[in-house]
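Only one structure is covered here, and it is reproduced in the block below.
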Amino acid sequence: MLLCCLIWIVTIKKGVFGVNGDEVKSVSVMEGDSVTLHTHLTHIQRQDQILWMFGPRIAEIYKEIIDMFDSRKTFGDRLKLNNQTGSLTITNIRTEHTGLYKLQIRSYRGDSDKIFNVTVYARLPVPVIIRNSSQCSSSLEKCVLLCSVMNVTHVSLSWYKGNSLLSSISVSDLNIRLSLPLEVEYQDTNTYRCVVNNPITNHTQHLNLNDVCQLCSGSVELHSHLKRLTPSLVYALVGVTATALLVYYFRSKQEPKIKTPV
């Protein structure tokens, strides 16, 4: 029983706190936005020491004196330290600022350490829907489409039919092109949309079948002719053809046969 309790305590400690017992909080932010990492202190006393590190130390408050150690190398002028609470704000954050930020608080009230796992997501592009020319054929029934996004990372790309998910693909690599195919019928009247998303936001592109799903070269003329064939026109063509055949038959029967002289 004692062993089980010890295992449970160690598991909880690793899940809530870092490897060394530091509290870890995950923070997600879009590139270009501002994020504040809070100390949750209401007021700093004169003897309190607040130290922020992103690898090396980047900012500190001690005896009411603020020191910024970054020297504009990594963050430029993006770092701001609140002199009342010690909270750190990063403005116009970039993807290269993704990583672990460590906070050390040394106070007469007690010491504490925290780790902020900050993930910065790049701005999402709007998906682009095109017909896949590599899958082009003379078929008059199916159209193969591609939904694509460029230079993305940590995103998912999905096709929806109405509110139903048809297919999806995810990627974690940096700055790649992501494409997802979809096959539809030319006469399909359903609504389709392609969605790119990350844990923070998403962009949607709705499919306009008439604009995007054009017929392949070589089948456009045939398709245009077939579209003009109404039932009445088909019956008329059949009637004209049958009449012409009958006339030809009776004329061939009535024409005298020419005898060849011996």
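The values are calculated or read from the model by the stated rules, or taken from the named source; none is laboratory data. Predicted model only: the values in this text are computed from it and were never measured. Don't worry about glycine lacking a Cβ; one is built from the backbone with ideal geometry, like all the others, and counts go over all protein chains shown.
Residue by residue through the stretch 93-116, note down the ones that are under 22 Å from the mean Cα position of the chain (by Cα) and among the polar types (S, T, N, Q). The answer is Thr95, Thr98.
Number of residues in the stretch 159-212 that are in a loop (DSSP other than H, G, I, E, B), farther than 15 Å from Val144 by Cβ and among the hydroxyl-bearing types (Ser, Thr, Tyr): the value is 4. For the stretch 32-58, a residue qualifies if it is closer than 14 Å to Arg106 by Cα and either surrounded by 17 or more Cβ atoms within 10 Å (Cβ to Cβ) or among the charged types (D, E, K, R) (or both), and the qualifying residues are Thr39, Leu41, Ile44, Arg46, Asp48, Ile50, Leu51, Trp52.
Looking only at residues in the stretch 49-108 that are among the hydrophobic types (A, V, I, L, M, F, W, C) and in a loop (DSSP other than H, G, I, E, B), the one that is farthest from Leu37 (Cα to Cα) is Phe69.
Residues are listed down the side, and each one gets a yes or a no for (1) assigned by TED's automatic domain parsing to the domain that holds Val27; (2) surrounded by 10 or more Cβ atoms within 10 Å (Cβ to Cβ); (3) at pLDDT 95 or above:
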site: Ser164; (1), (2), (3): no, no, yes
site: Ser170; (1), (2), (3): no, yes, no
site: Asp173; (1), (2), (3): no, no, no
site: Val184; (1), (2), (3): no, yes, no
site: Asn208; (1), (2), (3): no, yes, no
site: Lys259; (1), (2), (3): no, no, no
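Taking every residue in the stretch 19-40 that is modelled with pLDDT under 90 and assigned to a strand (DSSP E or B) and pairing it with any residue that is of a type in the set (Asp, Glu) and surrounded by fewer than 16 Cβ atoms within 10 Å (Cβ to Cβ), at least 6 positions away or on another chain, yields no pair with a Cβ-Cβ distance below 6 Å.
Being more than 22 Å from the chain's Cα centre (by Cα), at pLDDT below 60 and exposed (fewer than 11 other Cβ atoms within 10 Å of the Cβ) is a property that does not hold for Ser252.
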